[in-house]
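Chemist: Below you'll find the structure I mean.
The values are calculated or read from the model by the stated rules, or taken from the named source; none is laboratory data. Quick caveat, the model's predicted, so the values are computed rather than measured. As a convention, Cβ positions derive from the backbone with ideal geometry for all residues, glycine included, and neighbour counts pool all protein chains shown.
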Amino acid sequence: MAEYAQWRLQTNQPAVGTVLQQLLGNDDQMGALPAAFGPFTGVFNPLGPQLDHTVVIKCAPNTFTRLTAGANTVGWFDSEFPYMPNLMGAEHPCNPNVAATTYLTGYSRTPNAGNAPLGPSHVIALCGDVLGQAMFRRNTIGTDWSQRRWEGQSFDILAQYLTPTLLHEGMHVAGRSAEMYEWSNIVTSNRNDDKQANSDSYAILASGV
């Protein structure tokens, strides 16, 4: 989907219109997403992560382990990734206010990167405990999707679908760290650098085109 969006923006036939500038300013870097995921090399095996250099996607993960200081929760980690940086904070990484989250594994996809073990660099966790989280986003894309005229706040309905959520989290893997959500909020920014660092800008644009 990201590769198609990159091609669609480059050809611009028919013209994408003002939405490109509204979401990304004067530049698009959609090609960063396929490179961030890398080639698929098979299902992740926690007993042999050196065999898998791709991003791991977990559906409704149950491997988060609590870190405590006395009686207090101070952070979390994924028990399948013993080298990962701890996720600090008392709230569960998939608490009811979070649809999905992306975190580092402590592995590196390239050899000799700071002496890190070889393996997948990131996990995308699709939360699935309560309504509103990613695994409940099962809305069917209708037959009119390609003919729909995506303008204005109609883009905001994309938050109901799982695919834009995956693209959003994938752009975090690609290094886009800003967090402005939904078209109606993103277009209020007048800073191109903020838009180009924003994961949801790419996810909405790729889904719309």
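Chemist: Pairs needed: first member in segment 60-72, without any contact (Cβ under 8 Å) to a residue 24 or more places away in the chain; second member anywhere, surrounded by 14 or more Cβ atoms within 10 Å (Cβ to Cβ) and assigned to a loop (DSSP other than H, G, I, E, B); C-beta distance under 6 Å; at least 6 residues apart or different chains.
Modeler: What qualifies is 63/80.
Chemist: Residue under question is residue 162, and the condition is that it be over 21 Å from residue 85 (Cβ atoms), modelled with pLDDT of 75 or more and under 14 Å from the mean Cα position of the chain (by Cα); does it hold?
Modeler: Here the answer is yes, as residue 162 does meet what is asked.
Chemist: Which of the residues spanning segment 176-191 are closer than 15 Å to residue 18 by Cα, assigned to a loop (DSSP other than H, G, I, E, B) and at pLDDT 75 or above?
Modeler: 187, 188, 189
Chemist: Give, as residue ranges, the strands (runs of 3 or more DSSP E) completely inside segment 51-122 that count at least 2 residues that are surrounded by 13 or more Cβ atoms within 10 Å (Cβ to Cβ) and more than 19 Å from the chain's Cα centre (by Cα).
Modeler: 72-78
Chemist: Looking only at segment 14-35, decide whether some residue is closer than 16 Å to residue 167 by Cβ, modelled with pLDDT of 70 or more, exposed (fewer than 14 other Cβ atoms within 10 Å of the Cβ) and touching a Pro at 6+ places or on another chain (Cβ under 9 Å).
Modeler: No - not one qualifying residue is present in segment 14-35.
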